[in-house]
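Have a look at the structure below, then the notes.
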Amino acid sequence: MGDKVQLLIAMVGYMLIVIFIGVFFAKKSQANSENYFLGGRSLGPWVAAMSAEASDMSGWLLMGLPGVAYWCGIADAAWTAIGLAVGTYINWLLVSKRLRAYSAVSGDSITIPDFLSNRFHEKKKVILGISAMFILIFFTVYAASCFVTCGKLFSGLFGFSYHSMMIAGAAFVLIYTILGGFLAESASDFMQSVVMIIALVGVLICGVVHAGGLGAVIENAKAIPGYISLTSIATPVVDGNSVQQSVNGIAQFGEAGKYGFLTILSTLSWGLGYFGMPQVLLRFMAIRKRSELKMSRRIATVWVVISLTAAVLIGVLGRFILPTDPGLATQSGAENVFAHLAQLLFHPLLAGVVMAGILAATISSSDSYLLIAASAVSKNLFEGIVKKDATDKQVMRVSRAMILLISVIGIAIAWNENSVIFEIVSFAWSGFGATFGPVILFSLFWKRINRPGAVAGMLSGGIMVFVWKLLLKPLGGVFGIYELLPAFVISCIVIVIVSLCTAKPSEEISAEFDKAKNYVE
C-alpha cells in the first residue's frame, strides 16, 4: 500500500471519529438554542480547559507558529508564545470566575453580545448590534485562516488542487458544525487538544533524536545570523519570486535584522487578545461550577506552555533537518514544516495520525468560529433586534443559514493559496482583542463604566485595528508595531473618558454589579 494512501486512511479515520461525536451529541444539541450555543452550562473542568485552548489555537499552532520560527528564527515566534502563555494564565485567573457569575446574574446570557447588552440593561440594542457585527466580521476572517490550513495541508500532502481541498475542508466543517452544535464542538475539541499536544511533542522528541541531539540543532541555529536571538531576527535571502536562495545545499541568510524593545512589547501584546476572545470566554460561561475553574486554569496553562514551546522548537528543528526543502522555501511554504517533518520521521500510518493533529487544530477552531458568528446573527441580531418574538426553531434555522453564508465568504477570503496563516490569524486576533478585551475587563471590574463608554470603547478599538493595520502600519517606524497594542490602549482610554463624562450607571445596574461580585452558587 502506498505511503500517500496510508496517510489518507489514517486522516479519514480520524475525521470519521469526529463525525461520530457530532452525531452522538446532535439530539441533545438540537433540543434548544441554549444547548446548541452554550451546551446548557454543563462543561466539566477538563473539557472546558482543553476545548478552550484547542478552539483558540487553531491550525496556526501547528503550521503558522513553527513556520515563523523556521523562516526567521525564534524572536517573533518566542515573544508571541510568551505573550500568549501569560495571557492565558491571567485570563483564567481574573476573568473566568467573574464572567461565569456575571453572565448568570445578568439575564442568564448565553453569548458575549448577550452578556454585554444585558450588563448595561439595554432597551435599544446598540451594544448587541455592534458586538454581533464585529464578531461576524472577525470570525469570518478567522474561519478563512482555517480553510487555508485545510487547503495547504491536503494539497501539500497529496498533490491535490489547493482550491478543491480548501473547499472540501470547509464543507466538512460546515456539515459537522450544523449537526453537532456547542456540545459536540466542545467534546471533540477536548479529544483534538489531546491529539494536538501528542503530535507536537511526538514530532519534537523524534526529530531531536533523528538530528543526533538538541546540541546539534542549537549549533546549526547559532550559525544563522540573528536566528537564535530574542533581540534580532534572521533575514532569508530571497529571489524575485520570494523564494529563499541556497548555495551548495546551504540556505542563504543576510544580516540579522533588529528586534527592538517596542517590537518585543507589541509582540507580547498578543496576550491582551485573550480578554476579548469569544471562543474562550464562552467556555468560562459554560462551565457547570465556578469552583472548577481553578482546575481548568491549571490544565489550560500547562497545555498552552507545552504546546507553544514545542511548536517554536519544531520550527528550529526543521531548519536543521530540512534546511533547503523546496516546499519550505517561501514564507507561505514554511508553514508546512511540521507536516514535512512528520512524513520524514514516522511510518505513513503514524504520520497520518500526527497529521491529524493539524486537522484537529483546524476543525476545533473553525467549528467554534462558525458557531459563534452564527449565534451573533441569529440570537443577537435576528432575535434580539429584527424579530424579538422569534421562535427557537426560527433562531436555529437562521443560525444554520448563517453558518453556510459565513463559510462561503470564508472560502472567498481563503482563495489565495499564497496566504500566510499567521498573518490572517494575527489580524483577526487583534480585532477581537481590541474590540472586546477592554470592554469585558471594565464591565467585570469597574462599576463606573456605563453604556456610552462601552459603545465608544468597542467602536474605537475595532475601528483602530483597521486604521492602524491598513493606513498607519505601512508607514513603518513606530507605526510598525502590532495593531492590537495601540487599539487596545485607545479603547481603554476612550472607555474611561466617555464613562466619566456621562451619567453614572443606574442603581439597578450597580446593584447587579455587586451581586455578581459576591455571587454564590
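Whole number in Å², please: accessible area per residue of the chain, 1.4 Å probe, ligands, DNA and RNA not counted.
Roughly 37 Å² per residue, with all protein chains present.
If you roll a 1.4 angstrom probe over the protein chains with everything in place, what fraction of the accessible area of the range 442-498 belongs to carbon and sulfur, to the nearest %?
82 percent
Cross-link partners among lysines for Lys473, C-alpha distance below 19 Å, same-chain residues fewer than 8 apart left out?
Lys258
Efficiency by 1/(1 + (r/R0)^6): what FRET value for Asn241 and Gln6, r their Cβ-Cβ distance, R0 = 35 Å, to the nearest 0.05?
FRET efficiency, Asn241 to Gln6: 0.55.
Run the accessible area of the range 119-162 with a 1.4 Å probe and give the carbon-and-sulfur part as a rounded percent.
About 68 percent, which is the carbon plus sulfur part of the accessible surface.
For Phe253, enumerate residues with amide H under 5 Å from its amide H, sequence gap 5+ or separate chain, H modeled in the peptide plane.
Val237
What ranking do 225-238, 342-355 get when scored by the average of other Cβ atoms within 10 Å per residue, highest first?
342-355, 225-238
What length, rounded to one decimal in nm, is gained on full extension from Ser506 through to Lys388, with 0.36 nm per residue of separation minus their alpha-carbon distance?
Taking Ser506 through Lys388 to full extension adds about 40.0 nm, to one decimal.
Cα to Cα, under 30 Å, and not fewer than 8 places away if on the same chain: which lysines meet these conditions relative to Lys515?
Lys97, Lys123, Lys124, Lys125, Lys289, Lys294, Lys379, Lys388, Lys447, Lys504
Only loop residues by DSSP count here, and only those with at most 11 other Cβ atoms within 10 Å; note down the GluC sites (Glu not before Pro) in the range 209-313 that meet that.
When the GluC sites (Glu not before Pro) of the range 209-313 are filtered for loop state and at most 11 Cβ neighbours within 10 Å, Glu255 remain.
If the range 293-338 were replaced by its equivalent ellipsoid, with semi-axes equal to the square roots of 5 times the Cα gyration tensor eigenvalues, what would those be, largest first, whole Å?
So the three semi-axes of the range 293-338 are 31, 10, 5 Å.
Just round it to a whole percent: the fraction of Cα-Cα distances in the chain exceeding 31 Å.
Result: 43 percent of Cα pairs exceed 31 Å.
Return the whole-Å distance between the Cα centroid of the range 429-453 and the Cα centroid of the range 223-279.
32 Å
For the chain, what is the mean residue ellipticity at 222 nm derived from helices alone (per DSSP H run of n ≥ 4: -39500 (n - 2.57); sum divided by total residues; nearest 500 deg cm²/dmol)?
Dividing the helical sum by the residues of the chain leaves -23000 deg cm²/dmol.
Given the convex hull over the Cα atoms of the range 80-140, what projected area results after averaging over all orientations, in nm²?
So the Cα hull casts an average projection of 5.1 nm².
How about Lys152: which lysines have a C-alpha closer than 27 Å to its C-alpha, ignoring those fewer than 8 places off in the same chain?
Straight-distance partners of Lys152: Lys4, Lys469.
The values are calculated or read from the model by the stated rules, or taken from the named source; none is laboratory data. In this text, all values refer to a predicted model and were calculated from it rather than measured experimentally. Ideal geometry is used to build each Cβ from the backbone, glycine not excepted, and the neighbour counts take in all protein chains shown. Heavy atoms of the whole protein, side chains included, go into the accessibility calculation; ligands, DNA and RNA do not. Shrake-Rupley method; radii C 1.70, N 1.55, O 1.52, S 1.80 Å.
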